[in-house]
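Participant: Sending over a structure as structure tokens; questions will come in a sec.
The values are calculated or read from the model by the stated rules, or taken from the named source; none is laboratory data. Because the structure is predicted, anything quoted here is derived from the model rather than measured. Backbone-built Cβ (ideal geometry, glycine too); neighbour counts: all protein chains shown.
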Amino acid sequence: MNLEYKQLLKSDFQPNSKVWVYQSNRLLSLNEALEAEEMINEFISVWLSHGDAVKAAGHLFFGQFVVLIADESQTHVGGCSTDSSTRFIKSLEERFKISLFDRNQLAFVVKEKIELLPLSQVPYAFENGFITPETLYFNNLVNTKIQLEENWIIPLKDSWVYSRVGVSA
């Protein structure tokens, strides 16, 4: 599975640009993904904060992760503009009948495929060899561009999940 995505991130965005990662509860079909990308591009082209355009980027990575990025070096993204992005994400949920706000589903790369596991099942999956310390995990808690680049897709052993759910070597 090709996990390259960094080259798609805009190089003119500041490292501390705000990032929001929304994970879908399922892989979008090709047609859905194309439509979702159009919707994302449309949203970022009109995203405003207090009447000013937000320097923004949006992506659909791996057909399953919506990533919004706002470079606040020119315009601060406050409550109203954050609310508008939340409404946009909810519109994606409604349009494609998906869930993008369920933080209890964790994403891993297993056998060259993205697999979702409920947080409660991670210890069982680990004990039974479904995932290992080296299994790649999508750390959707990243909140800056530099974190997205360096800490989004990481080995399980380097994540908060590893110690939080009692997983140990």
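Participant: Do we have Asn104 as surrounded by fewer than 17 Cβ atoms within 10 Å (Cβ to Cβ) and in contact with a helix residue (DSSP H, G or I) (Cβ under 6 Å, 6 or more places away or on another chain) here?
Facilitator: yes
Participant: Which residue, of Ile89, Ile69, is buried (at least 20 other Cβ atoms within 10 Å of the Cβ) and not charged (D, E, K, R)?
Facilitator: Ile69
Participant: Tally the residues that are touching a residue at least 40 places away in the same chain (Cβ under 8 Å) and among the polar types (S, T, N, Q), restricting the search to the stretch 2-17.
Facilitator: 3
Participant: Please verify whether Ser49 is crowded, with 20+ Cβ neighbours inside 10 Å and within 19 Å of Trp152 (Cβ to Cβ), treating the condition exactly as stated.
Facilitator: Judged against the criteria, Ser49 is not a match.
Participant: Within the stretch 139-169, restricting attention to residues that are among the aromatic types (Phe, Trp, Tyr) and at pLDDT below 95, which residue is nearest to Asp102 (Cα to Cα)?
Facilitator: That would be Trp160.
Participant: Restrict the check to the stretch 24-39 and report whether at least one residue is at pLDDT 95 or above, of a type in the set (A, V, I, L, M, F, W, C) and within 20 Å of Lys145 (Cα to Cα).
Facilitator: Looking only at the stretch 24-39, we keep the residues that are at pLDDT 95 or above, and these are 24-39.
When the remaining residues are screened for being of a type in the set (A, V, I, L, M, F, W, C), the result is 27-28, 30, 33-34, 36, 39.
Keeping just the survivors that are within 20 Å of Lys145 (Cα to Cα) gives none.
No, there is no match, as no residue in the stretch 24-39 is at pLDDT 95 or above, of a type in the set (A, V, I, L, M, F, W, C) and within 20 Å of Lys145 (Cα to Cα).
Participant: From Ser85, Ser73, Ser159, grab the single residue that is touching a Leu at 6+ places or on another chain (Cβ under 8 Å) and closer than 30 Å to Asp12 by Cβ.
Facilitator: The conditions single out Ser85.
Participant: In the stretch 156-169, which residues are free of Cβ contacts under 8 Å to residues at least 24 places away in the same chain, surrounded by fewer than 19 Cβ atoms within 10 Å (Cβ to Cβ) and under 19 Å from Gln105 (Cβ atoms)?
Facilitator: Restricting attention to the stretch 156-169, the residues satisfying the condition of being free of Cβ contacts under 8 Å to residues at least 24 places away in the same chain are 158-160, 163-164, 168.
Checking the rest, the ones that are also surrounded by fewer than 19 Cβ atoms within 10 Å (Cβ to Cβ) come to 158, 160, 163-164, 168.
Those that are free of Cβ contacts under 8 Å to residues at least 24 places away in the same chain, surrounded by fewer than 19 Cβ atoms within 10 Å (Cβ to Cβ) and under 19 Å from Gln105 (Cβ atoms): Trp160, Arg164.
Participant: For the stretch 19-56, enumerate the residues that are under 19 Å from the mean Cα position of the chain (by Cα), outside any helix (DSSP H, G or I) and closer than 22 Å to Lys6 by Cα.
Facilitator: Val19, Trp20, Val21, Tyr22, Gln23, Ser24, Leu27, Leu28, Lys55, Ala56
Participant: Need pairs with beta-carbon distance below 6 Å; first residue touching a residue at least 24 places away in the same chain (Cβ under 8 Å) and within the stretch 81-95, second part of a helix (DSSP H, G or I) and buried (at least 17 other Cβ atoms within 10 Å of the Cβ); sequence gap 6+ or separate chains.
Facilitator: Short answer, once both residue conditions are applied: Phe88/Phe43.
Participant: Can you tell me which of Phe62, Phe88, Phe96 is modelled with pLDDT of 95 or more and under 13 Å from the mean Cα position of the chain (by Cα)?
Facilitator: Going through Phe62, Phe88, Phe96 in turn, the sole match is Phe62.
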